[in-house]
Amino acid sequence: MALARVVTVSSNAHAQGRIDFDDLQGEGSYAGARAYNQSKLANLLFTYELARRLQASSVTADAVHPGVVSTAFGAEDPAGVQRLVVPLLRPFMKTPAQGAATSIHLASAPELAPVTGRYFGLF
């Protein structure tokens, strides 16, 4: 039984992520969406490696995609498309409390206590 759980928030956007080890900070060429996708892929890879390293311990490590949550994320993005589209999609997004519930479930559900090294989509 796990005595501790590490839950990392990722996103289905990880599937479009590519880690540019020669330009991790995006100094050569920066795009918000590319940076986001790369960071979510990095979160997922971190979780898999952490789970591998903690295999012999009582700590589990899993990642979760909470769904599309209505927050101020990306509000400052200079891309006009995002500023136009997001307000139209907000009614269909999860509330912050609903988004947090996915991480809380993964961190506390008794049936998930022995599970480690997994990526969970929506609950």
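Here are a few things to note about the model shown:
- The set of residues in region 85-123 that are touching a Gly at 6+ places or on another chain (Cβ under 7 Å), surrounded by 15 or more Cβ atoms within 10 Å (Cβ to Cβ) and among the hydrophobic types (A, V, I, L, M, F, W, C) contains only VAL86.
Residue by residue, here is whether (1) modelled with pLDDT of 95 or more; (2) more than 27 Å from LEU106 (Cβ to Cβ) holds:
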position: PHE21; (1), (2): no, yes
position: GLU27; (1), (2): no, yes
position: ALA31; (1), (2): no, yes
position: SER39; (1), (2): no, no
position: GLU49; (1), (2): yes, no
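- Among residues of region 18-36, those that are in contact with a Ser or Thr (Cβ under 8 Å, 6 or more places away or on another chain) and not aromatic (Phe, Trp, Tyr), counted: 1
- Scanning region 1-27 for residues that are among the aliphatic types (A, V, I, L, M), closer than 14 Å to SER39 by Cβ and either in contact with a strand residue (DSSP E or B) (Cβ under 7 Å, 6 or more places away or on another chain) or assigned to a helix (DSSP H, G or I) (or both) yields VAL9, ALA13, ALA15.
- Yes/no for ALA56 being small (Gly, Ala, Ser), surrounded by 17 or more Cβ atoms within 10 Å (Cβ to Cβ) and closer than 14 Å to VAL115 by Cα: no
- Under the condition of being over 20 Å from ALA13 (Cβ atoms), assigned to a helix (DSSP H, G or I) and of a type in the set (A, V, I, L, M), the residues counted in region 102-123 number 3.
The values are calculated or read from the model by the stated rules, or taken from the named source; none is laboratory data. A quick note: this is a predicted structure, and the numbers were derived from the prediction, not measured. When we count neighbours, we look across all protein chains shown, and the Cβ atoms used for this are built from the backbone with ideal geometry, even at glycine.
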